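Bear in mind that the values in this text are calculations on the coordinates, not laboratory data. For clarity, every value in this text was computed on a predicted model and none was experimentally measured. Cβ placement follows ideal geometry from the backbone for every residue including glycine, while neighbour counts extend to all protein chains displayed.
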Amino acid sequence: MSAAPLERPLRADALRNRERLTEAAAAAFRDEGLDVAVDEIARRAGVGVATLYRHFPAKADLVVAVTEAVLEDLGAAAAVALEGPDADVVARFLDAALRHQCRNRGFLQTLAQKDLPEAARRRLKRRVTDILAPVVAAGHRSGAIRADVGADELLVVVRMLGVVVATRGRRSNQPYLSILLRGLAEAR
């Protein structure tokens, strides 16, 4: 019986290249959308296309890596929102999610992309619902979220905020946030 080969940690230069590629891809996706060419991402990162493919054999791998980094920020926003009273958690989180989507336009749409591997899509969705579950629980306790709304439904609301962000010409996103918050709340 042979042991599975151990993955070696990346050398410092390889780790830097991977980080540069992820950062360049995030910026390119923000600027040009998810259809930006990998050649452009490599150029922005200052590396060759072969280096990009060494780290990310398929473009979907790069999209997943960027999305995971974006979800770190969303998780941090949820943690900050959860530090306050339950009555304010949902509003604080959705406000942060709205600002987050302004900075990272379109990344949550990757969860619904059909060209991502199914296992990656499921893993990303599970990660998002794990982030949203404590926000939903606080919302249930305070009445800010109706009992029939769960993490999956709150994910749809977060995606709705993404549509608001993507629509140009809006002076303020706050009216839409208010509408969504009223729609989520228990009837009083």
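Where in the chain lies the longest segment free of GluC sites (Glu not before Pro) that are both loop residues by DSSP (not H, G, I, E, B) and have at most 15 other Cβ atoms within 10 Å?
The reported range is 84-185.
With unit charges on the beta carbons (Lys and Arg positive, Asp and Glu negative) and the dipole taken about the Cα centre of the chain, which residue among Phe29, Ala138, Ser178 sits farthest to the positive side?
Phe29
Cα gyration tensor of the range 118-188, axes a ≥ b ≥ c as square roots of the eigenvalues: rounded (a/c below 1.5), prolate (a/b > b/c) or oblate?
In terms of gyration-tensor shape, oblate.
By Kyte-Doolittle mean hydropathy of at least -0.5 and Cα axial length of at least 24 Å, which whole DSSP H helices of the chain are selected?
Once both thresholds are applied, what remains is 59-81, 86-103, 118-142.
State to the nearest 20 debye the size of the charge dipole of the chain about its Cα centre, where the only charges are +1 on K and R beta carbons and -1 on D and E beta carbons.
Computed charge dipole of the chain: roughly 260 debye.
Above 24 Å lies some portion of the pair distances; for the chain, what is it as a whole percent of all C-alpha pairs?
Cα-Cα pairs in the chain separated by more than 24 Å: 46 percent.
Under the rule of -39500 (n - 2.57) per DSSP H run of 4 or more residues, summed and divided by the residues of the chain, what mean residue ellipticity at 222 nm is obtained, to the nearest 500 deg cm²/dmol?
-23000 deg cm²/dmol
For the chain, with the dipole built from +1 on Lys and Arg beta-carbon atoms and -1 on Asp and Glu ones, taken about the Cα centre, which of Ala91, Ala69, Gly162 lies farthest toward the positive end?
Selected residue: Gly162.
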